[in-house]
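What follows draws every value from the coordinates through simple rules; no lab data is involved. Fair warning: this is a prediction, and the values are worked out from it, not measured in the lab. FYI the Cβ positions are ideal-geometry reconstructions off the backbone, even for glycines, and counts take in every protein chain you see.
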Amino acid sequence: MRVGLFDGGQRERRPATLDELVERARLAEDQGLASVWFNNIIGHDAMTAAALAAHATRRVELGTAITPTYPRHPYAMAQQAASTQAAARGRFTLGIGPSHRVVVEGTWGLSYDQAYAHTREYLSVLAPLLDAGAVDHAGTRFTVRARITSTDGLPVSVLLAGLGPKMLALAGSQAAGTVTWMVGARTLRDHIVPRIREAAAQAGRPAPRIVVALPVALTGDAGAARDLAGRVFKTYGSLPAYRAMLDREGAAGPADVAIVGDHDAIGEQLLRLAEAGATDFIASLYALGDHDAGLDPSLRALAALGATLRARLGSPQRGGSEVSWPG
């Protein structure tokens, strides 16, 4: 399982500047992390951040988790993604999703009705453009006959944020995998992984990527860290899509699925995610004190844990408590 950074963190005294997002990506690469992913909620545009970060890094994968579909025509999404891929020289992955009704209707004033049908047709336009640079599609919502000439930015791998059975099937059959949020190890093992793998196999596609994002706090006070996660990430526990996943997990709220504790505790929690089928883990770092005070040590610890996980999972047996986590 590859370990990366999700947007640099969620608990901050003020929104991160674009320069700060780029600097975090550089730090994450310097410390040895595999990837950096940017969210696209109400702050900076995630693909813009990824394109700029591409020029400050050389190795790390850059991705969006996620860019919402509704505000962007699929051709506009494809054109920007191809440009970002050109800037990243092949290191960019586009994560997309329909977002949530409260955002689409309450914030953007658009209709969220038939979100699955919207997403399915959206992918029918987007995927050919990002694979071959051309599409000829006449459907219910989109009629697009177009091509992209920026072939230095193609192809672009697409991940679909899917949690329900139909969206997971779509992610497995028409995308390269999925990105999850607020999904614990039990739900990953029993719900997410088998459904998306089955869909990919039936479509004759390669095994899907399963990118798991969760809050992470490296701390000696796990109780306080979970209490803080319950407050900081409270909103996610009330959104229907995430609430359904938390209920599957048997979790009262986001605090119960946050990855918290010292090096050994975090290592064990990440190992459970890997054994459940996660191909990638991306950490949304938060801290009990000033966010940036412990950024370097946290990034370094995550990178070391990722290396240990890859080595351990490559051995014949897990070994339980014999796993030695870097401290």
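Listed values, structure above:
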read-out: Quarter of Cα convex hull surface for the stretch 2-312, i.e. mean projection, nm²; value: 14.8 nm²
read-out: Angle between the chain longest axis and helix 222-232 axis [Cα atoms, degrees, rounded to 10]; value: 30 degrees
read-out: Farthest toward positive dipole pole in the stretch 2-312 [+1 Lys/Arg, -1 Asp/Glu at C-beta], among GLY306, PHE281, PRO165; value: PRO165
read-out: Folded to 0 to 90 degrees: helix 240-249 orientation relative to the chain principal axis, Cα; value: 40 degrees
read-out: Segment ARG243-ARG89, length gained on full extension (0.36 nm per residue, minus Cα span); value: 51.7 nm
read-out: Efficiency of FRET between ALA252 and VAL102 - r from beta-carbon atoms, R0 30 angstrom, step 0.05; value: 0.90
read-out: Simple Cβ-charge dipole of the chain, Lys/Arg +1 and Asp/Glu -1, about Cα centre, in debye nearest 20; value: 760 debye
read-out: C-alpha center-to-center spacing [the stretch 91-113, the stretch 149-166] in angstrom; value: 15 Å
read-out: C-alpha long axis of helix 74-88 to longest principal axis of the chain, angle in °; value: 50 degrees
read-out: Computed [θ] at 222 nm, deg cm²/dmol, the chain (DSSP H ≥ 4; -39,500 (n - 2.57); rounded to nearest 500); value: -12500 deg cm²/dmol
read-out: Loop-located trypsin sites (Lys or Arg not before Pro) in the stretch 1-99, at most 13 other Cβ atoms within 10 Å (DSSP); value: ARG13, ARG58, ARG59, ARG89
read-out: Per residue, the convex hull volume that the Cα atoms of the stretch 1-152 enclose (Å³); value: 121 Å³
read-out: Sites ARG272 and HIS55, calculated FRET efficiency, Cβ-Cβ separation with R0 35 Å, nearest 0.05; value: 0.45
read-out: Cα→Cβ-extended label distance, 7 Å offset, between ASP136 and GLU23, nm; value: 5.2 nm
read-out: Most mobile listed residue (GLY223, GLY314, GLY261) in the chain, GNM with C-alpha springs under 10 Å; value: GLY314
read-out: Cβ-Cβ FRET estimate between ASP30 and TYR116, R0 fixed at 45 Å, reported to 0.05; value: 0.65
read-out: Prolate/oblate/rounded call for the stretch 88-132, Cα gyration tensor, a/c under 1.5 rounded; value: oblate
